[in-house]
Amino acid sequence: MSDIYVLGSMNMDMTVVSPRFPELGETINGYSFSTAHGGKGANQAVAAARLGAKVNMCACIGKDANGNELKNALNDEGINTDYVFESDCATGAAVITLVDGDNTIIVAKGANAEVSIHQAVFFLKDSKPGDILLTQLETDFETVKFALQTAKNKKMITVLNPAPADSDSSLLCEYCDYIIPNETELRTISASEDIDYSLKLIKDKFGCFPIATLGSQGCAFYSENGVKYLPCEKVKAVDTTGAGDTFCGAFCTALSNGWQTEDCLKFALKCATISVTRKGAQPSIPYLKEIN
Ligand code: RIB
């Protein structure tokens, strides 16, 4: 079994459940407010750890109560937090609006933007060929790029969840073995609305294995035999926050066990499907015993 190295964000999530999304300039009354541990990097690390992987986390938090709480939570999951550094910026925060289980998210990166190339080098120093680097785009872009390049040179398996994506995200594809965008991110990277075309484009142009997460429709991927869709079980979604992260963490855990790609995807779908039936990012992530 290989180790998983997650370089990514740690956020305190602040969620308001609302009857609808407000219009520009409008104030509306919501139903409830809650906080939960989040951040795409930390969520993916927690998913991998709960599903049985050996996980190392590299991130940056502020010298504040939120940062302390988030780091302690990762320690409690058995994740190695020796590479969770402190900066003078505030710990990252996410403002989430939740309407009928769907969300919009605004992230204030704060300390997440401070993860440096130097820290990434230190983080990856003990990794071995076959270990997995899993990363996203809520931390500094150049650091993510450097980490992917370094991991590739070290013959690690590189996995990018390009979230949130922008026009530069495609520059990272050449360093990735797997790229896991959702539909919005796929559109941004390929500049096309067509899922099949976009997946083929990424595969042909960059040679990496593209996987699109499609919410309640499951996922799609491109292999030698063309585009294939894998459905997921239909459930009542109460909160989709962190479902993509659960998918990525579960996918990497299955990869670290040496499974075939399609089996990894089925496992990841199962885990993500459970997560949407529960509230919050990290609180909703399932444990291995629930999957078995
Ligand atoms: O993917 C969900 C996550 O996105 C939330 O936990 C929030 O912190 C943002 O990073």
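A few remarks follow.
- For region 24-34, the candidate set comprises residues that are of a type in the set (Ser, Thr, Tyr) and in contact with a strand residue (DSSP E or B) (Cβ under 8 Å, 6 or more places away or on another chain); within that set, the residue that is nearest to the ligand (Cβ to nearest atom) is SER34.
- Answer from MET10, MET57 - the residue that is touching a residue at least 12 places away in the same chain (Cβ under 8 Å), within 12 Å of the ligand (Cβ to nearest atom), crowded, with 16+ Cβ neighbours inside 10 Å and within 19 Å of the chain's Cα centre (by Cα): MET10
- The residue that is nearest to ASP245 (Cα to Cα), among those in region 212-226 that are of a type outside the set (Gly, Ala, Ser) and modelled with pLDDT of 95 or more, is THR213.
- Per this entry, THR91 is not counted among residues that are β-branched (Val, Ile, Thr), under 21 Å from LEU171 (Cα atoms), within 14 Å of the ligand (Cβ to nearest atom) and crowded, with 17+ Cβ neighbours inside 10 Å.
- Counting the residues of region 250-261 that are surrounded by fewer than 19 Cβ atoms within 10 Å (Cβ to Cβ) and either closer than 30 Å to SER34 by Cβ or small (Gly, Ala, Ser) (or both) gives 1.
- One residue stands out among those in region 94-139 that are more than 16 Å from the ligand (Cβ to nearest atom) and of a type in the set (Lys, Arg): the one that is nearest to ILE180 (Cα to Cα), which is LYS128.
- Residue within region 35-45 that is away from the ligand (no atom under 16 Å from the Cβ) and either more than 25 Å from LYS154 (Cα to Cα) or surrounded by fewer than 16 Cβ atoms within 10 Å (Cβ to Cβ) (or both) present: no
A quick yes/no check of all residues on (1) of a type in the set (Ser, Thr, Tyr); (2) in contact with a Leu (Cβ under 6 Å, 6 or more places away or on another chain); (3) modelled with pLDDT of 95 or more; (4) surrounded by fewer than 24 Cβ atoms within 10 Å (Cβ to Cβ):
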| residue | (1), (2), (3), (4) |
| --- | --- |
| THR135 | yes, yes, yes, no |
| ASP140 | no, no, yes, yes |
| ASN153 | no, no, yes, yes |
| VAL159 | no, yes, yes, no |
| GLU174 | no, no, yes, yes |
| ILE180 | no, no, yes, no |
| ARG187 | no, no, yes, yes |
| GLU193 | no, no, yes, yes |
| PRO210 | no, yes, yes, no |
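Listed here are the residues, each with its yes/no results for (1) surrounded by 14 or more Cβ atoms within 10 Å (Cβ to Cβ); (2) modelled with pLDDT of 95 or more; (3) over 21 Å from LYS54 (Cβ atoms).
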position	(1), (2), (3)
LEU230	yes, yes, yes
VAL235	no, yes, yes
CYS248	yes, yes, no
ASP263	no, yes, no
PHE267	yes, yes, no
CYS271	yes, yes, no
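- Given (1) over 16 Å from the mean Cα position of the chain (by Cα); (2) within 16 Å of the ligand (Cβ to nearest atom); (3) outside any helix (DSSP H, G or I), number of the condition LYS71 does not satisfy: (3)
The values are calculated or read from the model by the stated rules, or taken from the named source; none is laboratory data. Computed from a predicted structure; not experimentally measured. Every residue, glycine as well, gets a Cβ built from its backbone with ideal geometry; the counts of neighbours run over all protein chains shown.
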